[in-house]
Amino acid sequence: MHDVDSRFLTRNGLAARQLAVLLLNHAPDSRLPRVRDFAEELGCGNGTVQAALQLLEEAGAIATTARGHLGTFLVHSDRAVLWRLSGLGTLLAAMPLPYSRRYEGLATGLRGAFEQAGAPFAVTFMRGAGARTAALLDGKVDLVVLSRFAADQLVAEHPVELVADLGPATYVGAHGMLVRHGVDLEAPGLRVAVDHASEDLRMLVERVFAGRRDIEWREVSYMQLRDLFARHEVDATVWNLDEAQDRLGIGVDVLPLGDEVTQELALRNSSAAVIGRKDGKEGKDGTKALGAVRDALDLSVVTRMQSEVLRGERTPSY
């Protein structure tokens, strides 16, 4: 294996690394493009492509067979080896802070699904969908996890694309209205907390209190809510109940949101979405690799692992 690795530093080896990226897009038992087609795409000669294919076979990344006039077929591919040889490195995903068991389960499931698809995967945690998206657009991360509602807005406004939608209750279980005990919600001058770092929660709280001109808005961090409620500095807000659990004092009541709000917005706010840049990891090769990983992702692995974490049957691992 050491000899094969050293040969990946040669001209043929460079072609093999580029070819490894292309082969991530091919399923086993599929017909491969002709050697001259690969050569044209890689900008090299036919002999270089043939040598590159041989290197990949010797490394255990692929196995091919010739079927006469039908062409050459990919019998087997080891996606993990192809990814390693391609030099694309680890896919880095930005997620919300792991305050809730649901987020921990989501991180665990995503790692499992990506690694099963042959792509090394790591997680970094950032508070606020805006901060995570800025990191994506700046090339600091490859993927971002956020609600489907926020994802739809970002896809419409920026050069990003939807990689996966994991379905209802994968991002949050439910939202609720938090009200300081004894507060009259109809009283004028109600002090309502809003954190503009969270687009989802800002939109929900403004929808809940729409039409109320007597509201006194308080710009806060949701991380400060417990202390703000305890000091009677805010009266109400809307929050993700997964995060609110065990994080608020005894003087805070949790009320359901109105039916109109929950019915219209619950699905897109509760569904976890994964987005990536349209240009993928640096350059053309990354676009194809990310596309190949997306095609190979088994989203049922994510939801199954997340459910196991929520039920206490699996220890979070991310």
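The values are calculated or read from the model by the stated rules, or taken from the named source; none is laboratory data. This is a predicted model, so every value here is computed, not measured. Note that we place each Cβ from the backbone using ideal geometry, even for glycine, and neighbour counts take in every protein chain shown. With ligands, DNA and RNA removed, areas are computed over all heavy atoms of the protein, side chains included. Shrake-Rupley method; radii C 1.70, N 1.55, O 1.52, S 1.80 Å.
Here are a few things to note about the model shown:
- Helices (runs of 4 or more DSSP H) fully within the range 29-105 counting 3 or more residues that are under 30 Å from residue 139 (Cα atoms) and touching a Lys or Arg at 6+ places or on another chain (Cβ under 8 Å): none
- Some residue of the range 165-181 being over 19 Å from residue 92 (Cα atoms), without any contact (Cβ under 8 Å) to a residue 60 or more places away in the chain and of a type outside the set (D, E, K, R): no
- Test result for residue 20, in contact with a His (Cβ under 6 Å, 6 or more places away or on another chain) and under 19 Å from residue 296 (Cβ atoms): no
- Count - residues of the range 146-162 that are under 11 Å from residue 276 (Cβ atoms) and part of a strand (DSSP E or B): 3
- None of 68, 112, 87, 118 is within 30 Å of residue 199 (Cβ to Cβ) and either touching a residue at least 40 places away in the same chain (Cβ under 8 Å) or loosely packed, with under 15 Cβ neighbours inside 10 Å (or both) except 112.
Okay, residues lined up against (1) in contact with a helix residue (DSSP H, G or I) (Cβ under 7 Å, 6 or more places away or on another chain); (2) closer than 29 Å to residue 219 by Cα; (3) of a type in the set (Val, Ile, Thr):
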position	(1), (2), (3)
132	no, yes, no
139	no, no, no
150	yes, yes, no
156	no, yes, no
167	yes, no, no
172	yes, yes, yes
179	no, yes, yes
191	no, yes, no
196	yes, yes, no
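- Here is the figure for the range 165-175: residues that are modelled with pLDDT under 90 and not in a loop (DSSP other than H, G, I, E, B) total 1.
Residue-wise test of (1) open to solvent by less than 20 Å² (accessible area, probe 1.4 Å); (2) modelled with pLDDT of 90 or more; (3) of a type outside the set (D, E, K, R).
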site: 1; (1), (2), (3): no, no, yes
site: 8; (1), (2), (3): yes, no, yes
site: 14; (1), (2), (3): no, no, yes
site: 33; (1), (2), (3): no, yes, yes
site: 38; (1), (2), (3): yes, yes, yes
site: 60; (1), (2), (3): no, yes, yes
site: 64; (1), (2), (3): no, yes, yes
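- Of all residues in the range 121-142 being in a helix (DSSP H, G or I) and of a type outside the set (Lys, Arg), the one that is surrounded by the fewest Cβ atoms within 10 Å (Cβ to Cβ): 131
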